Amino acid sequence: MKLANGYDLMDYAKRNGYILPAFNTINMEMTYAIAKGLNDAQLPGYIQISTNNLRLSNPKIIAQVAQDAADRYDIPIGLHLDHGKTFESVKDCCDAGFTSIMIDNSALPFEENIKETRRAAEYCHFYGVPVEAELGAISGKEDDIVSEADAHTNPDQVVDFVERTGCDLLAVAVGNVHGLDVEPKVDLDLLKKIADISPVPIVLHGGSGIPFETIQKARQCGLLKINYGSDLRKEFIATFGRAYEQNHNLFNVIELSLQSVENVAAVAKNLVTIINS
Ligand code: G3H
Ligand code: ZN
């Protein structure tokens, strides 16, 4: 199936009170696994890749692999750039066929964040691609990128930010964290306050480790998209680690790679099903 456009996925989620999962990939196996997990659950969602992982490949190859993964199934799957840090990375991914984009200028001062986000949104909107932006700063660890910043989203800035940037989705910092090292403490009151005034739907990053009851409550506040990275990466690594522990002479990489697809797909299926149950 053709990669699903981000606006169509958002419409589906709004119509159905559905939380779109966005699963981070870092390689071909994880990309196939995410598509399989979504298909096994028969629920739509995104394959997403963070700017950090663009160091390993380039957007055109990623788009081709994602398209190949989506072609295998008939469930709608979008391809999203996660934490795009520069206009160039946004442009490259949009040009390569990504169907949804995040520009993350949350580390910049407020006015600079608005200016750079607006620039990315204008570019993407011309090609019919929605844009997620971040206001506030999410702390924690994404692969080797560690962010000490931890600034909760200021509700007083939300309407101004959304209106002036033209963003379509707003990623918030409400106690959610990246990675598995720190326990997330999601402030649902703050989330609700923001969701009630935000002109666009809310995105929660750092899905790994957030209790499912919290996500169910966030769903009632209007949560539209949630990102999962570490849970899938951990399962991918564990597949190889467990096998190596059992046999230090292992060399059958193809079997293990196929097994990693099955194992990561099972994690993705479980997550998308539980958060939407
Ligand atoms: O942008 C990616 C996500 O926010 C992943 O967070 O690794 O804590 O699930 P996580
Ligand atoms: Zn994130």
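The values are calculated or read from the model by the stated rules, or taken from the named source; none is laboratory data. Remember, it's a predicted structure, so these values are computed and weren't measured experimentally. Virtual Cβ from ideal backbone geometry, glycine too; neighbours counted across all protein chains shown. Note: accessible area is taken over every heavy atom of the protein model, side chains too, but ligands, DNA and RNA are not part of it. Shrake-Rupley method; radii C 1.70, N 1.55, O 1.52, S 1.80 Å.
Candidates ALA171, ALA137, ALA121, ALA149: the one that is modelled with pLDDT under 95 and surrounded by 16 or more Cβ atoms within 10 Å (Cβ to Cβ) is ALA137.
Report yes if some residue within the stretch 208-216 is within 9 Å of ligand 1 (Cβ to nearest atom), in a helix (DSSP H, G or I), open to solvent by 10 Å² or more (accessible area, probe 1.4 Å) and at pLDDT 95 or above; otherwise report no. For the stretch 208-216, residues within 9 Å of ligand 1 (Cβ to nearest atom), in a helix (DSSP H, G or I), open to solvent by 10 Å² or more (accessible area, probe 1.4 Å) and at pLDDT 95 or above: absent. Test LYS217 against the stated conditions and say whether it is within 16 Å of ligand 2 (Cβ to nearest atom), closer than 21 Å to LEU170 by Cα and of a type in the set (D, E, K, R). For LYS217, the condition - within 16 Å of ligand 2 (Cβ to nearest atom), closer than 21 Å to LEU170 by Cα and of a type in the set (D, E, K, R) - is not met. Here are some residues: VAL253, VAL203, VAL264. Which one is of a type in the set (A, V, I, L, M) and within 11 Å of ligand 1 (Cβ to nearest atom)? Exactly one of VAL253, VAL203, VAL264 is of a type in the set (A, V, I, L, M) and within 11 Å of ligand 1 (Cβ to nearest atom), namely VAL203. Just one of the numbered conditions (1) touching a strand residue (DSSP E or B) at 6+ places or on another chain (Cβ under 6 Å); (2) part of a helix (DSSP H, G or I); (3) among the charged types (D, E, K, R) is not true of GLU134: (2). Being of a type outside the set (D, E, K, R), free of Cβ contacts under 8 Å to residues at least 40 places away in the same chain and surrounded by 15 or more Cβ atoms within 10 Å (Cβ to Cβ) holds for only one residue in ASN52, ASN58, ASN105, ASN113, and it is ASN105. Can you confirm whether ALA96 is touching a Cys at 6+ places or on another chain (Cβ under 9 Å) and at pLDDT 95 or above? Criteria not met by ALA96.
Can you tell me which residue is farthest from ligand 2 (Cβ to nearest atom) among those in the stretch 179-207 that are open to solvent by 20 Å² or more (accessible area, probe 1.4 Å), over 30 Å from TYR127 (Cα atoms) and touching a strand residue (DSSP E or B) at 6+ places or on another chain (Cβ under 9 Å)? Across the stretch 179-207, the extreme among qualifying residues is LEU190. Here GLN64 meets each of (1) away from ligand 1 (no atom under 13 Å from the Cβ); (2) buried (at least 17 other Cβ atoms within 10 Å of the Cβ) with one exception, condition (2).
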